[in-house]
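Student: First the structure, which I've put down as structure tokens, then a few questions once you've had a look.
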Amino acid sequence: LSCNDPGFPSLTTGITAEKWFNYPFFAGSAGLDASGDSPICQQPKCALTILELTTDTLPVAILQLDTSGHLNLITYSGSTPTSHAIYTTSDLRSNSWHHVAAVLTATTWTVYVDGGLTATVSGTATGMTPAWSWLVINADMAANGGGSTADIVHGGNMSASHAAIYPWLLPQWRIWAHYCAAALAFGCLPVPAGTRSEERRVGKEGRSRW
């Protein structure tokens, strides 16, 4: 999926990109066939891009799983990439839903996995291009921009939901609220394994605290 909109908000004032994803690959237990695919779900043996922001000609930022299923943020200064490790503890190609949110300016970033429950990592970047115009989901255009669809790579067998771009730097509590609303309150998505929610009643009014 790719979407071209010159009205996407600039990184100068900051944005938040978020999405739920599910890669049905059962980690190392499934094995690979001679072509490098998973024999169960035909997951390619390559990096898998969750989402990408680009200009017409160059990439700006990519959220991507490497060949071990670990999450990385790749930022670009012009055509020069820099990879930032976000989550390396386990394989996220786990046949379960995960939420990711990237809060970006042209020089800073913070990535939250599962509302910050699984990981929260922040850092700096060298001059990402502020004015981007393409959102690409489940693939990237290699070293090219969103207008170069013939160069598409790193797509996989993925389910996606609730992809959104916000023209603000969303705070952690708001991202956590989005995660809880989708996974718990609305019941829109299966709750990731190990997630726990607890409600407590506080005061005479019986207000709820989570």
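Student: Rounded if a/c is under 1.5, else prolate if a/b beats b/c, else oblate: with a ≥ b ≥ c from the C-alpha gyration tensor eigenvalues square-rooted, which is segment 110-157?
Tutor: oblate
Student: Net charge around residue 133, counting only other residues with Cβ within less than 13 Å of its Cβ (Lys, Arg = +1; Asp, Glu = -1)?
Tutor: Residues near residue 133 contribute -3 overall.
Student: Further, regarding this structure: Could you state the accessible area per residue of segment 109-161 in Å², with a 1.4 Å probe and every protein chain left in place?
Tutor: Value for segment 109-161: 39 Å² per residue.
Student: Give me a comma-separated list of calculated 3J(HN,Hα) values for segment 161-173, in order, Karplus coefficients 6.51, -1.76, 1.60 applied at θ = phi - 60°, integers in Hz, x for any Gly or Pro.
Tutor: 7, 6, 6, 7, 10, 10, x, 9, 8, 5, x, 4, 5
Student: Can you tell me the length gained on complete extension of the stretch residue 85 to residue 181, counting 0.36 nm per residue apart and subtracting the Cα distance?
Tutor: Roughly 31.9 nm would be gained on extension.
Student: Once amide H atoms are built 1.01 Å from N in the peptide plane, which residues 5 or more positions from residue 95, or in another chain, come under 5 Å H to H?
Tutor: The answer is 23, 25.
Student: Which cross-chain or sequence-distant (5 or more) residues have an amide H under 5 Å from the amide H of residue 86, H modelled 1.01 Å from N in plane?
Tutor: It is 71, 72, 73, by chain and number.
Student: Rounded, prolate or oblate: pick one for segment 74-164, where a ≥ b ≥ c are the square roots of the eigenvalues of its C-alpha gyration tensor, a/c under 1.5 means rounded, and failing that, prolate if a/b is larger than b/c, else oblate.
Tutor: Oblate shape, in that a/c is at least 1.5 and b/c is the bigger or equal ratio.
Student: Could you run the Karplus curve 6.51 cos²θ - 1.76 cosθ + 1.60 with θ = phi - 60° over segment 99-106 and give me ³J(HN,Hα) per residue in whole Hz, x for Gly and Pro?
Tutor: Whole-Hz 3J(HN,Hα) from phi for segment 99-106: 9, 10, 9, 10, 9, 10, 10, 5.
The values are calculated or read from the model by the stated rules, or taken from the named source; none is laboratory data. These numbers come from a predicted model, not from an experiment. Cβ sites come from the backbone with ideal geometry, for glycine too, and all protein chains shown count toward neighbours. Note: accessible area is taken over every heavy atom of the protein model, side chains too, but ligands, DNA and RNA are not part of it. Shrake-Rupley method; radii C 1.70, N 1.55, O 1.52, S 1.80 Å.
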